[in-house]
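Below: one structure, written as structure tokens.
The values are calculated or read from the model by the stated rules, or taken from the named source; none is laboratory data. Treat the numbers as computed from the prediction; the structure is a model and nothing was measured. Methodologically, a virtual Cβ is constructed for each residue, glycine included, from the backbone with ideal geometry; neighbour enumeration extends over all protein chains shown. SASA here: full protein model, heavy atoms, side chains in, ligands and nucleic acids out. Shrake-Rupley method; radii C 1.70, N 1.55, O 1.52, S 1.80 Å.
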Amino acid sequence: MLHLTSPRLPRVMAFMLALAAAPVFLLAPSTPVRSEAASIAAAIDVAVESGRTRFTIALSRPVAPRVAYMERPDRVIIELPEVTFRLPAEIGRRREGLVSSFRYGLFGPARSRIVIDLAQPASVSRLDTEKDPRSGTAKLVVELTRTEREPFRRAVAESAPILRPPVVETVLAEPEDRRPVIMLDPGHGGVDPGATASAGMFEKDIVFSFAQKLQKKLEATGRYRVLMTRNRDVFIPLGDRVRLARSARADLFVSIHADSISGGAEVRGLTVYTGSERASDADSALLADRENQADTAAGVESTDNLGEEVAGILQDLTSRETRVFSHGFAKRLVHELDTVARLNKNPHREAGFRVLRAYDVPSVLVELGYLSSRKDFDLLISDEWRDRATDAMTSAVDLFFAPRFAQGGTAAVSP
Ligand SMILES: [Zn+2]
């Protein structure tokens, strides 16, 4: 039944408006400024006609597309220059003909992407831009035709060079600034929306605005240098999030997510995770699997190779020490959040999250709650709850670093 007096709808609207009005912060001065002239995608239509699936994007002005294919799962990737997507959140769930679902968003500086999940192997049989000379708008038409496995596989191999990964700017340590560095990691972003709430909001937006609030609170103490793995709605591969934390010499890494489970509307609560090859339970293992799919969702080959990692005894000792600190921080977080948030049973769990693999940076991943739970969702978008939760997290950070401050100000020693 619809309650017309419910405060829920205005609150969702207010939250969405606040998101739209959020200023665009730049990660580093070298990050290209968002082009004002980016084409706007205002509608996407999927239609089936005599065995072909036509995917049509309405654009405010024409853009030059490039097409690539990926396997396991089968996908068509449409690479575009930066495009601003103004589409209803539910649109990507549209299942029609050869299209089983799709995602869209910023993929890197000045790059956007549409990732189409295919119901079966298909090739782009037509790629056309229909311009309207009077309005200057355009329709980008991508026509998909069924193909066999072998030709699809060849197309995957041939188009691979188009799929270069995004360039992620690293933030370097500032030797002058001796304050502890905290790297906040709002989950997902850009072409990877994360979980979807029933109200048609994306996890990537909810966790981003939460992380921004936390950043402001931590910065206001004056005690920390607080960085974010992303400062706008852009995709960052999981391995790069770890690399960002390591290159900035972060003393603490906090990844922020909000999960969703199908068929479990009454499941709710906040959980703090630390990294481990062995998950503490089956649900945690499944969750880590879901979160680890982020690169696949965006059309990036997942790689476990973190590049600059040093193998050997030293790394092993560091990881052991890091694990102790990660656990210590997780415990403090759970303790501080206990009075603010409804906690999951067993609120501190372990699982093999790929973002928790920096061997020398204490790292935790916080699942703020379940977007699939209406009660959790209402809290997540409530200013009052987010205020209290970020206060509690700031207290946990203060307690974590207290031993370091006690040992002589901001000297670079382990907490
Ligand atoms: Zn997530």
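What to note about this one:
- Looking at V364, V397, just one residue is assigned to a helix (DSSP H, G or I) and crowded, with 22+ Cβ neighbours inside 10 Å, and that residue is V397.
- Residue that is modelled with the highest pLDDT [pool: residues in the stretch 294-338 that are of a type in the set (S, T, N, Q) and part of a loop (DSSP other than H, G, I, E, B)]: S302
- Residues (more than 10 Å from the ligand (Cβ to nearest atom), at negative phi, open to solvent by less than 10 Å² (accessible area, probe 1.4 Å) and in a loop (DSSP other than H, G, I, E, B)) located in the stretch 176-195: P180, V191
- Residue within the stretch 255-265 that is β-branched (V, I, T), modelled with pLDDT of 95 or more and within 18 Å of E291 (Cβ to Cβ) present: yes
- S60 being in contact with a Gly (Cβ under 9 Å, 6 or more places away or on another chain) and open to solvent by 30 Å² or more (accessible area, probe 1.4 Å): yes
- The set of residues in the stretch 236-293 that are of a type in the set (A, V, I, L, M), outside any helix (DSSP H, G or I) and either open to solvent by 30 Å² or more (accessible area, probe 1.4 Å) or more than 12 Å from the ligand (Cβ to nearest atom) (or both) comprises I236, A248, A250, L252, V254, I261, A265, V267, L270, V272, A279.
- Selection of first residues in the stretch 373-387 that are open to solvent by 20 Å² or more (accessible area, probe 1.4 Å) and of second residues that are of a type in the set (D, E), restricted to Cβ pairs under 9 Å at least 6 apart or on distinct chains, gives the following pairs, ordered by first then second residue: K375/E266.
Residue-wise test of (1) touching a residue at least 40 places away in the same chain (Cβ under 8 Å); (2) surrounded by 19 or more Cβ atoms within 10 Å (Cβ to Cβ); (3) over 22 Å from V156 (Cβ atoms).
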site	(1), (2), (3)
A43	yes, no, yes
T53	yes, yes, no
S100	no, no, no
G108	yes, yes, no
Q120	yes, no, no
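- Residue among E130, E143, E158 that alone is open to solvent by less than 70 Å² (accessible area, probe 1.4 Å) and either at pLDDT below 95 or more than 19 Å from the chain's Cα centre (by Cα) (or both): E143
- Here V171 fulfils each of the conditions (1) in a loop (DSSP other than H, G, I, E, B); (2) within 15 Å of the chain's Cα centre (by Cα); (3) away from the ligand (no atom under 16 Å from the Cβ) apart from (2).
- Just one of the listed residues (S198, S135, S159) is touching a Phe, Trp or Tyr at 6+ places or on another chain (Cβ under 7 Å), of a type outside the set (A, V, I, L, M) and away from the ligand (no atom under 16 Å from the Cβ), and it is S159.
- Whenever a residue of the stretch 196-221 is under 20 Å from K375 (Cα atoms), its partners that are within 12 Å of the ligand (Cβ to nearest atom) and part of a helix (DSSP H, G or I), lying with C-beta atoms within less than 9 angstrom and at least six residues away or across chains, give the pairs T196/E203; A197/E203; A197/I206.
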